[in-house]
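Student: I have a structure here, written as structure tokens, and I will follow up with some questions on it.
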Amino acid sequence: MKLLLVEDDQHLGKLIKQDLTNAGFIVDLAVAEKSSECIGASDDYDMILLDAGLPNSSGLDILKIWDCLRPF
């Protein structure tokens, strides 16, 4: 399973990535908001773990950029 992890805390992101990798996942870590926008828009992931409290925008703003937020 391929995951995208978006976390603004670089140290925490590396720890989470290592734990997920050890559990058998393929993990791409996006630390900067701009890189997460590009990665999320261009690659296929089975799951995205997105920090909702990014410093310059919310996780929901990133989802809107990816066009993943759909009304129910």
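Please treat every number below as a calculation from the coordinates, not as lab data. Being a predicted model, the structure only gives us computed values, none of them experimental.
Student: Please list, in chain and number order, the residues 5+ apart from residue 50 or on another chain whose amide H is under 5 Å from its amide H, with Hs placed from the backbone.
Tutor: So residue 50 has HN proximity to 6.
Student: Same structure, new question: In whole Hz and in residue order, list the ³J(HN,Hα) couplings for segment 13-26 that follow from phi through the Karplus curve 6.51 cos²θ - 1.76 cosθ + 1.60, θ = phi - 60°; x for Gly and Pro.
Tutor: x, 5, 5, 5, 4, 4, 4, 5, 5, 4, 7, x, 8, 9
Student: Under 5 Å between amide hydrogens, which residues at least 5 positions from residue 27 or on another chain qualify, with H placed 1.01 Å from N in the peptide plane?
Tutor: Residues meeting the amide H criterion: 3.
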